[in-house]
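The values are calculated or read from the model by the stated rules, or taken from the named source; none is laboratory data. As the structure is a prediction and not an experimental result, all values here were calculated from the model. Quick reminder, even Gly has a Cβ in these numbers, built from the backbone with ideal geometry, and neighbours come from all protein chains shown. Surface accessibility is based on the protein's heavy atoms, side chains included, excluding ligands, DNA and RNA. Shrake-Rupley method; radii C 1.70, N 1.55, O 1.52, S 1.80 Å.
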Amino acid sequence: QWYQRRVRGAQLDLYSEFASYTTAGTLKSCLTEDLRICQEEDGPETFYKIISDLYQKFPAVTTGNSNILHLIVSCIDSQQLHSIICNVMSKKMRIFNVRSIGSLLKSTLEWETFEQYCVWQLLSAESVPSESVIDVLKDIKDTHHYELFSSMLIFLKSVKPTEKVVKKIIFLQNFEEQLVVPICVWWIDKYSEGVIRIIENFISAAVSSMDDRRLNILVQFVEMICKAVDLNHMLYEQTTLWRQIKSSYGFISASVKEECSVIQRMMRENRFESDSEPDSEEDRPQLSKRKRDVSVLDSDDE
């Protein structure tokens, strides 16, 4: 095995030199084209036999390469998928580049359903940071990419919700039903107090920094979560959260109040004691410019 590895290594070195003299011009173009020919003419068995070695030898041109990834998932079977997952988890090959994960995932949106699901299997095996994965949604407007949403839900289900991750999810626009509400209900059920405290901190920061836009988004978010669970859910027993919402109620826009039937009912029932509600803009806490810049709701890392 040692001798075979040395021979393969020498052959790959020779191939790298050879690529510079081809019409493709670059190692990346030459390798991608040769892999396509290998898959089509030599068959999947040969293709999957060499792919791991190529990822190890040429990480600069294979890692994050959407064309090679598409070749991998386009003719894969369950055994081959399992073999590649084992190689990924054993650190024998790295498929994804964190810096380009957004553009790579966007390129997969038009692939076949099975191909996309295989990509997410590999993504989960490689333990790509969840923040990088969530960021792909920033540039997506279409709400009908069901493979993406289903796979991301399963991916996020195993992620422990930190303040940064929860913030990215809550302030996503257009994906409330497909992603935001389902994963947040799951997190609240599993991590309860921790997630509730994060939401409370966001509301407090929005009020303190006089950020009415974000306050409205947060209140709408709480309303959506309430509508997604039954009346016996532990969310309704979060006295501190409801106190914060009531104390900030005067700063919520009229249009948002009209949408929030559950919150309005909670206000009428008055199940909790509230701190004094501010009556006007002057009663709102004032923060210096410097303190606003370090608010948990700053937009720098969104």
- Which residues, taken from segment 230-260, are crowded, with 16+ Cβ neighbours inside 10 Å and among the β-branched types (V, I, T)? I245, I252, V256
- Note on the structure: Flagged pairs (Cβ under 6 angstrom, 6 or more apart or on separate chains; first in segment 134-147, farther than 19 Å from E115 by Cα and in contact (Cβ under 8 Å) with a residue 24 or more places away in the chain; second of a type in the set (K, R) and open to solvent by less than 100 Å² (accessible area, probe 1.4 Å)) are I134/K168
- Note on the structure: How many residues of segment 107-118 are out of contact with any helix residue (DSSP H, G or I) (no Cβ under 6 Å at 6 or more places or on another chain) and either closer than 17 Å to G64 by Cβ or modelled with pLDDT of 95 or more (or both)? The answer is 5
- Out of (1) out of contact with any Phe, Trp or Tyr (no Cβ under 6 Å at 6 or more places or on another chain); (2) crowded, with 19+ Cβ neighbours inside 10 Å, the one S151 does not meet is (1)
- Task: Just give me the residues in segment 147-165 being assigned to a helix (DSSP H, G or I) and farther than 27 Å from C86 by Cα, in sequence order.
- Result: E163, K164, V165
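Going by the structure shown, is S100 within 25 Å of Y146 (Cβ to Cβ), in contact (Cβ under 8 Å) with a residue 40 or more places away in the chain, among the polar types (S, T, N, Q) and open to solvent by less than 40 Å² (accessible area, probe 1.4 Å)? Step through it out loud before you land on a result.
Numbers: within 25 Å of Y146 (Cβ to Cβ): yes; in contact (Cβ under 8 Å) with a residue 40 or more places away in the chain: no; among the polar types (S, T, N, Q): yes; open to solvent by less than 40 Å² (accessible area, probe 1.4 Å): yes.
Criteria not met by S100.
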- Item | Single unsatisfied condition, L12 versus (1) at pLDDT 80 or above; (2) surrounded by 15 or more Cβ atoms within 10 Å (Cβ to Cβ) | (1)
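Specify which of the listed residues (L218, L231) is on the phi < 0 side of the Ramachandran plot and under 27 Å from the mean Cα position of the chain (by Cα). It would help to see each step written out before you state the result.
Details: L231 fails: under 27 Å from the mean Cα position of the chain (by Cα).
Of L218, L231, the one residue that is on the phi < 0 side of the Ramachandran plot and under 27 Å from the mean Cα position of the chain (by Cα) is L218.
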